[in-house]
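Right, one structure below, let's go through it.
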Amino acid sequence: MTDIATPSDWDRSGLPAWSFFNPELLDVEKEQLFRAHWQMICHVNDVAEVGDYITADIVGERALVVRGKDNVVRAFHNLCRHRGSRVVADDKGTCKSAIICPFHGWVYNLDGTLRGPAQPKTLPDLDPVEFGLKPLDMEIWQGFVFVRFKAGPQGAVAEIMARYMPELAQYRLETLIPVEGSAWSENIKANWKCVRDVDNEGYHVPLAHPGLHDLFGPNYYDEPFVAGTTRSFGGFRDGTHRLWSVHNYRKILEAPERLDDTHKAAWLYLGIFPNLVFGFYPDSVIVYAEFPVENGKTIQRGATYRYPEEDRRMRLARYLSMRIDRATSKEDEQLIEWTWEAAFSSGYDGIILSDLEYGVKTYHDALRKLFPVLSGSEPPAGELAKTNTALLAAQGHEP
């Protein structure tokens, strides 16, 4: 746990209503948050064999992760150097020996270099590296593949997550295997920040999430954002469980010996700014993140990973934990959309946060650091980006 305590007197007001529907702010967020911060694409075992690939679309960017013939995992823009087509069209698949653009048939090696264009005599000589697929800034942390579309303020993922490694080492994350068919995607009718505001606090768990409350009871707590990360912990409560999924999960689960006694009976959540959450369970690891499309439309994606030694009993326990998670996600989706609707109401004049929602406040502080414009009134149309840049400069920060 962090040693940062909730202060006795703090700003409980949250973000201004205009921040949830201003289109200029969303454009700046896409550029400065989602393009300039690390985004987790997959695990290396999602692309376990030579030629395996995964793609992801994020705020107008297109990422491609592929394993080369040399067994090295690389990340590129999913962008043909000829006319900008997607060089692979599917979400995932396998290229047997090369990547072939479906538009005109330009061929790329699995290391991204250009093997050759279609009808090469109609073109000048093209350098295979210069005209190869454009690489993305990439980092592999504990088996998870992160990319970044432009330089940003974050350090390496390994540095960001270093303070958690004594706790995380027991989960052996490099060995994880994707659960077939577990990847999911939901369209949420809300601004993306509404997702974070609901997810960054457990104050609503007792009433809104019967499954989680049955599993944790009073043993769930959130820690504030510190240095771009946050931690939440739910220890399983003792006694009889009321819900079928929770009762049978506790009955069937035999936590692996590699976990210490505290983590054998708990779910641990770690969040990475601005939009990624890991869930570390005795039976599996989950990941989920949200991506803005427009104000009123957010895509949330997630997946589940298992351990290679999983037996029948652990597989059944994982099924039950996924069942609890699915119910929780649907419950949150309704809360998120209600939060979004509130910003348009004539009766909405802001919020007041509980001490149990201090994590929401610290996340808002992280946003205000990048977007000091959030601390004031809504700028006139066409002025938001310029106003924010001026405020950053006045504070001595690079925009």
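At-a-glance table
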{"read-out": "Wholly within the stretch 259-353, strands (runs of 3 or more DSSP E) carrying at least 3 residues that are farther than 23 Å from Leu215 by Cα", "value": "285-294, 297-306"}
{"read-out": "Residue list for the stretch 64-94, filter: free of Cβ contacts under 8 Å to residues at least 60 places away in the same chain, of a type in the set (A, V, I, L, M), more than 10 Å from Val47 (Cβ to Cβ) and surrounded by 17 or more Cβ atoms within 10 Å (Cβ to Cβ)", "value": "Leu79, Val87, Val88"}
{"read-out": "Complete set of residues in the stretch 95-142 that are within 17 Å of Val73 (Cβ to Cβ), in contact with a His (Cβ under 8 Å, 6 or more places away or on another chain) and surrounded by 18 or more Cβ atoms within 10 Å (Cβ to Cβ)", "value": "Leu133, Leu136"}
{"read-out": "Those residues of the stretch 42-63 which are buried (at least 16 other Cβ atoms within 10 Å of the Cβ), assigned to a loop (DSSP other than H, G, I, E, B) and over 18 Å from the mean Cα position of the chain (by Cα), in sequence order", "value": "Val50, Gly51"}
{"read-out": "Checking Ile286 against (1) touching a residue at least 40 places away in the same chain (Cβ under 8 Å); (2) within 18 Å of the chain's Cα centre (by Cα), the condition it does not meet", "value": "(1)"}
{"read-out": "Residue selected from the stretch 167-188 under the condition open to solvent by 70 Å² or more (accessible area, probe 1.4 Å) and among the charged types (D, E, K, R), by the criterion modelled with the lowest pLDDT", "value": "Glu180"}
{"read-out": "Residue in the stretch 226-242 that is of a type outside the set (Val, Ile, Thr), under 24 Å from Glu331 (Cα atoms), in a helix (DSSP H, G or I) and out of contact with any Leu (no Cβ under 9 Å at 6 or more places or on another chain) present", "value": "no"}
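Listed here are the residues, each with its yes/no results for (1) out of contact with any strand residue (DSSP E or B) (no Cβ under 6 Å at 6 or more places or on another chain); (2) β-branched (Val, Ile, Thr).
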| position | (1), (2) |
| --- | --- |
| Phe144 | no, no |
| Val147 | no, yes |
| Pro153 | yes, no |
| Thr175 | yes, yes |
| Trp184 | no, no |
| Ile188 | no, yes |
| Trp192 | no, no |
| Ala208 | yes, no |
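So that you can scan it fast, the table gives a plain yes or no per residue for (1) in contact with an Asp or Glu (Cβ under 9 Å, 6 or more places away or on another chain); (2) more than 30 Å from Ala227 (Cβ to Cβ):
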| position | (1), (2) |
| --- | --- |
| Ile41 | no, no |
| Ile54 | yes, no |
| Asp111 | yes, yes |
| Gly116 | no, yes |
| Lys134 | no, yes |
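The values are calculated or read from the model by the stated rules, or taken from the named source; none is laboratory data. Owing to the predicted nature of the structure, the values given are computational and were not obtained by experimental measurement. As a convention, Cβ positions derive from the backbone with ideal geometry for all residues, glycine included, and neighbour counts pool all protein chains shown. Only protein heavy atoms, including side chains, enter the accessible area calculation; ligands, DNA and RNA are left aside. Shrake-Rupley method; radii C 1.70, N 1.55, O 1.52, S 1.80 Å.
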